[in-house]
Amino acid sequence: MKKTLLSLLCALALMTGLLPSAAALEALRAADTLAALGLIQRAETAADYRLDDPAPRAQAAMLLVRLAGDEAAAKASHVVRYRDTDPWSAPYVAWAAREGWVTGVSDLAFYPNRTVTANAWCAMLLRMLGYSDQDGDFTVEDAAAFAQRIGLLSRSLSGPLTRGEVFETMAEALTFPHPEGGTVLEHLVSAGICSRSAANALGLLDRTLTAREI
């Protein structure tokens with residue numbers, strides 16, 4: 001009897017280990033949402049999204065510019081702000097810096113390959129959404145907690161972020177108010193960046209707000 005029970009427990013543990021966690025499912029759902037809207041490239045499998053990989057600062061800047069609907073303008077600017085950015089990332093980083101959304105480690109260095117932290121990423125998002133640490137709306141050291149308090153994040157984040165965690169926060173930001181009115185997604189749809197049919201299919205337009213968002 002004891003051997004049978006032990007075998008069942010071992011089998012259950014093995015099966016549980018093979019099942020994706022709730023956090024992994026949320027990250028995958030967020031990635032699929034962003035891919036359906038054309039904000040990131042669609043992947044064939046969950047592994048192709050590399051959700052558990054660290055999120056570099058350069059990639060965070062690119063995703064931020066896309067979320068703002070400014071990718072075309074950034075690529076057309078041909079501006080290099082920091083000496084250590086790669087050719088692909090330089091326009092995104094320079095545009096985000098020009099808009100005041102990101103800052104370098106120094107006047108000439110951005111450290112594009114360093115993993116973005118929760119506070120740094122949330123500070124970028126908050127600035128893009130019209131909040132200002134310069135005006136005292138929040139502090140960079142408290143940016144993630146502030147983002148959660150105002151409903152931009154649904155859960156607490158801290159430390160270096162994975163790609164999946166960045167995708168999750170981007171997906172949550174889609175239904176957050178945009179500085180120019182409406183939501184971030186409505187702004188992207190109006191600008192022709194995202195398809196209205198895709199947004200409607202995902203149930204992200206004209207939907208009832210949750211208690212957290214209210």
Inset, instruction - Could you please tell me which pairs satisfy a Cβ distance under 7 Å, a separation of 6+ or placement on different chains, a first residue in region 184-198 that is modelled with pLDDT of 95 or more, and a second residue that is among the basic types (Lys, Arg)? - result: VAL189/ARG196
Inset, instruction - May I ask you to list pairs of residues, at least six apart or on different chains, whose Cβ atoms are under 8 Å apart, with the first in region 50-69 being more than 18 Å from LEU126 (Cα to Cα) and part of a helix (DSSP H, G or I) and the second being at pLDDT below 95 and open to solvent by less than 10 Å² (accessible area, probe 1.4 Å)? - result: none
Inset, instruction - Could you grab the pairs with beta carbons closer than 9 Å, sequence gap of 6+ or different chains, first residue in region 157-179 and of a type in the set (Ser, Thr, Tyr), second one in a helix (DSSP H, G or I) and at pLDDT below 95? - result: THR162/ALA27
Inset, instruction - Output the helices (runs of 4 or more DSSP H) that fall wholly within region 90-175 and possess 1 or more residues being under 14 Å from the mean Cα position of the chain (by Cα) and closer than 21 Å to ALA58 by Cα, or say none. - result: 118-128, 143-149, 163-173
Legend entry - Single match in ARG127, ARG98, ARG114, ARG83 (criterion: in contact with a helix residue (DSSP H, G or I) (Cβ under 6 Å, 6 or more places away or on another chain) and charged (D, E, K, R)): ARG114
Legend entry - Given (1) crowded, with 16+ Cβ neighbours inside 10 Å; (2) out of contact with any helix residue (DSSP H, G or I) (no Cβ under 8 Å at 6 or more places or on another chain); (3) assigned to a loop (DSSP other than H, G, I, E, B), index of the condition HIS187 fails: (3)
Legend entry - Qualifying positions in region 102-152 - within 17 Å of HIS178 (Cα to Cα), touching a residue at least 40 places away in the same chain (Cβ under 8 Å) and open to solvent by 50 Å² or more (accessible area, probe 1.4 Å): GLY130
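The values are calculated or read from the model by the stated rules, or taken from the named source; none is laboratory data. All of these numbers come straight from a predicted model, not from anything done at the bench. Using ideal geometry, Cβ is built from the backbone for each residue, glycine included, and neighbour counts are taken over all protein chains shown. These accessible areas exclude ligands, DNA and RNA; they are computed on the full protein's heavy atoms, side chains included. Shrake-Rupley method; radii C 1.70, N 1.55, O 1.52, S 1.80 Å.
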